[in-house]
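The values are calculated or read from the model by the stated rules, or taken from the named source; none is laboratory data. Note that this is a predicted model, so its numbers are computed, not measured. A quick note on method: Cβ atoms are made from the backbone with ideal geometry, for glycine too, and the neighbour counts reach across all protein chains shown. Ligands, DNA and RNA are stripped out before the accessible areas are found, and what is left, the full protein with its side chains, is counted by its heavy atoms. Shrake-Rupley method; radii C 1.70, N 1.55, O 1.52, S 1.80 Å.
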Amino acid sequence: MGKNRQGITRRQAIAGAGALSLGVITLRSSRAEAAINWDHETDILVVGSGVGAATAAITAHENGDAVLVIEKAPITGGTSAKSAGVLWIPDNFTLREKGITDKKEDCLRYLARYSYPEKFNPADAQLGLSTREFGLLEAFYDNASGAADSLRGHGALKLGEWRMFFLDRPATDYLDHVPENKVPAGRALGPLKDDGSMGGGPELMTQLTSAVKERKIPILTNHRAMRLILNPDGRVAGVEAESGDAKVRIRIRKAAIFATGGYVHNPEFLGMYQPSRLWGSCAMPWATGDFINIAGAAGARMGIMSSAWRTQIMLEEALQSSKLAAGVFFPPGDSMVQVNRHGVRVVNENRNYNDRTEVHGIYDASQAEFPNQLLFMVYDQRTAEGFAGVYPIPADSNTASQVLKGNSLEELASDIDRRLSEVAKQTGGVSLGPSFASNLKNTLERFNGYAKSGIDGDFQRGQAAYDTEWHQVFSPMKADSEWPANPGPNITMHPFRDEGPFYALILAAGALDTCGGPAIDASARVLDTEDQPIPGLYGAGNCIASPSGEAYWGAGHTLGLSMTFGYIAANAAHLEPLDKA
Ligand SMILES: Cc1cc2nc3c(=O)[nH]c(=O)nc-3n(C[C@H](O)[C@H](O)[C@H](O)COP(=O)(O)OP(=O)(O)OC[C@H]3O[C@@H](n4cnc5c(N)ncnc54)[C@H](O)[C@@H]3O)c2cc1C
């Protein structure tokens with residue numbers, strides 16, 4: 001690519017770079033490159049040490065490439081090591097062992113239908129998608145099970161079918177009930193411990209990191225990639241990292257693969273790209289979107305910047321710190337609803353976290369406001385006691401300070417109002433509408449009717465297998481509860497009691513991480529503004545514009561994607577011409 005890569009000398013670029021600026025250094029000549037004192041040299045530099053990065057490093061090594069890993073944190077593993085470790089892999093070996101065929105043609109329909117509902121066209125050869133969008137879905141399907149099998153085959157990761165605890169059955173997808181989903185359960189895998197039991201994110205990353213180390217691939221922690229060093233022709237020649245006060249320059253003979261996570265802990269980017277508010281995230285704190293400026297300075301095109309892997313979070317926790325321990329992946333309870341500031345339900349409370357959280361961003365054009373910015377999870381004594389201790393319901397709703405309460409719905413409304421006034425400066429003044437209490441009364445009456453009939457006429461709660469099965473996984477009733485098990489026709493809904501106390505928790509929009517960034521092609525090559533690959537630059541995981549758009553196909557969606565595109569990137573990078581200069 002001979003296009004403008006800023007055309008500045010290395011000296012100028014370095015001199016102009018502030019301590020925290022991320023970007024690019026363009027070399028004017030091969031002599032300029034020769035003048036650099038390189039600290040390290042490698043075929044493939046992997047930036048980050050989460051699942052995408054570890055997969056890329058192991059794959060590159062197995063391909064015979066020299067690999068170096070740099071990680072900006074003092075520890076390895078990224079958010080991947082904090083996760084539940086579930087990986088969504090279509091046509092995986094456990095399905096095949098059971099004789100279940102997850103056909104490409106069918107699976108692509110599911111992916112396209114969920115990722116691009118606005119343009120999905122089953123009659124079209126590309127299902128209504130652009131060539132790039134369709135190519136990314138195809139690349140995922142074509143490589144996902146290969147990536148998992150390759151890691152298993154090389155002894156880098158032990159995997160097994162991820163089964164839903166309590167139910168002991170394969171994981172049901174997050175949109176199981178559309179006709180395009182022909183294999184609605186069983187695509188989720190998880191890391192197996194030595195004793196054969198299922199592990200989580202720590203196990204996943206312990207195994208992958210050990211595999212990296214066993215291959216003698218150096219991992220330099222406390223090394224933050226800051227800028228690309230580009231040859232005059234625009235090819236990536238190296239990366240400049242910072243380690244403490246030192247600048248570390250790494251010469252790259254083939255390619256740099258970034259898998260550096262999203263920007264969810266970058267307040268400036270959140271302000272720029274998330275039009276409705278994103279209050280906090282359970283991602284590790286290093287998710288600051290460094291790759292956006294690094295690749296942007298090299299001319300990368302950005303995609304779906306306002307997207308995120310969404311989950312509801314507890315407002316009270318987010319007010320303390322936007323760096324959270326956990327999200328409200330599934331709100332527990334059956335005599336429980338979520339209402340907005342007007343006291344009305346706005347969502348199926350049992351939908352998956354990513355889709356459910358989208359409703360926080362709905363804009364009211366008449367009032368010029370986000371009426372769902374905060375939602376109130378209202379529950380009664382049955383749920384308070386029967387589901388006590390199932391996050392976010394505390395062990396004792398009567399004593400926990402984050403729980404708002406009242407013996408009547410009017411009293412509950414006043415307590416919510418009181419708390420909203422106390423935190424008004426931090427929330428931008430969100431308050432309850434004047435009819436909140438009366439609307440809430442009507443909402444509960446209506447919900448009680450739905451609970452008795454088993455049919456949620458507004459949001460179909462409990463109609464899909466996802467709703468009822470994940471309800472049992474995430475929302476188990478206490479075994480020793482004095483409240484009877486739900487005897488109704490729909491276990492996700494139970495009528496509210498007529499009398500109080502009533503309780504509420506305030507929920508806000510959060511995220512596992514963001515998923516917008518530099519756009520890639522089906523080989524995981526980062527694209528420039530003219531859709532041409534930036535030579536030698538690859539990306540995988542949350543640091544790039546997600547190949548799935550905004551959809552979350554099933555449990556393990558983000559780890560499955562990151563692993564797969566880390567694998568694709570390493571295989572494509574292997575074929576890059578070796579820069580011997
Ligand atoms: C509690 C929780 C549970 C979850 N459970 C699941 C699950 O079961 N399944 C699932 O699919 N998803 C899950 N997720 C989401 C999932 O963890 C992330 O989407 C996934 O780990 C992202 O992986 P990644 O490869 O993009 O990078 P990450 O794991 O985020 O790693 C990125 C790494 O890059 C490093 N880095 C950043 N910038 C630089 C730089 N400039 N230079 C060098 N290094 C840098 C970071 O320090 C970090 O170590 C969960 C998330 C949370 C918080």
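The lysines whose alpha-carbon is closer than 27 Å to the alpha-carbon of Lys104, local same-chain residues fewer than 8 away aside, are Lys119, Lys158, Lys182. Beta bridges from DSSP with both residues in the chain: antiparallel share about 70 percent, rounded to the nearest 5. When the pairs Lys405/Lys425; Lys425/Lys452; Lys82/Lys478; Lys72/Lys425 are compared against a 32 Å limit on Cα-Cα distance, Lys425/Lys452; Lys72/Lys425 fall above it. Entry comment: accessible area of the stretch 87-199 is 42 Å² per residue, from protein heavy atoms only and a probe of 1.4 Å. The residues Trp88, Trp38, sorted by heavy-atom accessible surface at 1.4 Å with ligands and nucleic acids left out, run Trp38, Trp88 from largest to smallest.
At the listed q of 0.17, 0.20, 0.24 Å⁻¹, the Debye profile of the stretch 109-153, built from one uniform point per Cα, gives log10 I(q)/I(0) equal to -0.50, -0.62, -0.77.
Provide the net charge surrounding Leu192, with neighbours chosen by a C-beta distance below 11 Å and charges set as Lys +1, Arg +1, Asp -1, Glu -1.
Details: positive: Arg152, Lys158, Lys193; negative: Glu161, Asp194, Asp195, Glu203.
That works out to -1.
Under 1.5 on a/c is rounded, so check that first for the stretch 311-512, then, if it is not, pick prolate when a/b is larger than b/c and oblate when it is not; a ≥ b ≥ c are the square roots of the alpha carbon gyration tensor eigenvalues. Here the stretch 311-512 falls in the rounded category.
The figure for Leu374 is an accessible area of roughly 0 square angstrom, using a 1.4 Å probe on the protein chains alone.
Each label was represented as a point 7 Å from its Cα along the Cα-to-Cβ direction; for Arg132 and Ile100 these points are 3.4 nm apart.
Computed 3J(HN,Hα) for the stretch 498-505, one whole-Hz value per residue from the Karplus formula 6.51 cos²θ - 1.76 cosθ + 1.60 where θ = phi - 60°, is 6, 9, x, x, 10, 10, 8, 10, glycine and proline marked x.
Given a 1.4 angstrom probe, I'd like the percentage of the accessible area of the chain that is carbon and sulfur, rounded to a whole number.
Numbers: 10840 of 21540 Å².
On the chain, the fraction of accessible area on carbon and sulfur atoms equals 50 percent.
Taking the square roots of 5 times each eigenvalue of the Cα gyration tensor of the chain, largest first, gives ellipsoid semi-axes of 44, 27, 21 Å. If R0 is taken as 30 Å, the Cβ-Cβ distance between Ser243 and Asp124 corresponds to a FRET efficiency of 0.05. In this rough spin-label picture, where each label sits 7 Å from Cα along the Cβ direction, the Asp194-Ala395 distance is 3.3 nm. Compute the acute angle (0 to 90°) between the alpha-carbon long axis of helix 557-574 and the principal axis of greatest extent of the alpha-carbon atoms of the chain; round to the nearest 10°. Helix 557-574 sits at roughly 10 degrees to that axis. Figure note: Lys213, Lys254, Lys478 ranked by solvent-accessible area, largest first, 1.4 Å probe, ligands and nucleic acids not counted: Lys213, Lys478, Lys254. With each label modelled as a point 7 angstrom along the Cα→C-beta vector, the Asp364-Ser435 pair spans 1.0 nm.
Helix 201-214 and the longest principal axis of the C-alpha atoms of the chain enclose an angle of approximately 10°.
Rolling a 1.4 angstrom probe over the protein heavy atoms with all chains in place gives the stretch 237-327 an accessible area of 32 Å² per residue.
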